[in-house]
1. Rank 28, 72, 144 by mean-square fluctuation in a GNM of the chain with C-alpha springs under 10 angstrom and give only the top-ranked residue.
2. Out of all Cα-Cα pairs in region 2-233, roughly what percent, to the nearest whole number, are more than 21 Å apart?
3. What number, rounded to the nearest 500 deg cm²/dmol, is the helix-based mean residue ellipticity at 222 nm of the chain, given -39500 (n - 2.57) per DSSP H run of at least four residues and division by all its residues?
4. How far apart, in nm, are the 7 Å Cα→Cβ label points at residue 229 and residue 35?
5. Counting Lys and Arg as +1 and Asp and Glu as -1, each charge on the Cβ, what is the dipole of the chain about the Cα centre in debye, to the nearest 20?
6. Quick one: work out the % antiparallel among DSSP beta bridges in the chain, nearest 5.
7. With springs connecting C-alpha atoms under 10 Å apart, model the chain as a Gaussian network and identify which of 87, 29, 56 has the largest mean-square fluctuation.
8. Taking 8 Å as the Cα distance limit and 6 or more residues as the minimum spacing, I'd like the relative contact order of the chain as a percentage.
Amino acid sequence: MTRDEFKLFDLELFQPRHGYRYSLDALLLARFCGVLKAGGSIIDLGAGCGVISLVLARINPEASVVAVEKNLEMAALIERNIHHNELAGRVSVTQEDVANLRKNHTDSTFDLVVSNPPFRKAGSGKVSPCAGRDAARHETTAGLADFLDAAKYLVRPSGRICFIQLPSRLPEFMALAGQMKLSVLRIRMIHDNAGAPATMFMAELAKGRRSSPVVEPPLFVRDMSGEYTSEVWR
């Protein structure tokens, strides 16, 4: 276990030394979500160690946040991180599979549903020797359709849904959104640098609205000399 300081948001996070550890994509997604109006409620599907939940709690100091994580050990780690950062009054954890959320939660409850789901389908891509890391990267009981379905069920008609995924799954993502009658409001591609193809995309969706997606300017993680760009530093 390591304890990592995150000064930008006044956080210290415990996470496994050798299992799944959060990376830049979680932080980019939290920033992509933006700021809610005063108050508001947020739910984070597949929360890992809770990094997105805790960052969003700092960005939105009056909001309540629910972190959903099916892995028992990771859910306990989220609880530890919540209390360590004195956020127990506003952030809670639910140890539950995303595929089962409809059974135990009321629909149209949250102003923001956010998810950094497993990127790869079962049996695809490289398999990590670390079981926790592999489970976080590959779909097991819940796939992309389950995450989107849960998000639609949980979000208010006036609320927003924010996801991050691999570009190779963009056609599937758009097709699922259309089938579920979710409007894609905006998309932003993430590139390692200005000369590299996109490595991820972020999307904001809503239910009960009609809208054509706005494709935002690309986000470049590093400049051509290999240094983080000013936007990523911010």
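Bear in mind that the values in this text are calculations on the coordinates, not laboratory data. Bear in mind that the values here come from a model prediction, so they are computed numbers and not experimental data. Ideal geometry is used to build each Cβ from the backbone, glycine not excepted, and the neighbour counts take in all protein chains shown.
1. Its mean-square fluctuation being the largest, the pick is 72.
2. Result for the distance tail: 55 percent.
3. Value at 222 nm, helices only: -8000 deg cm²/dmol.
4. Here the modelled spin labels are 2.3 nm apart.
5. 540 debye
6. Of those bridges, close to 45 percent are antiparallel.
7. Maximum fluctuation in the GNM of the chain, among the listed residues, is at 87.
8. That works out to 15 percent.
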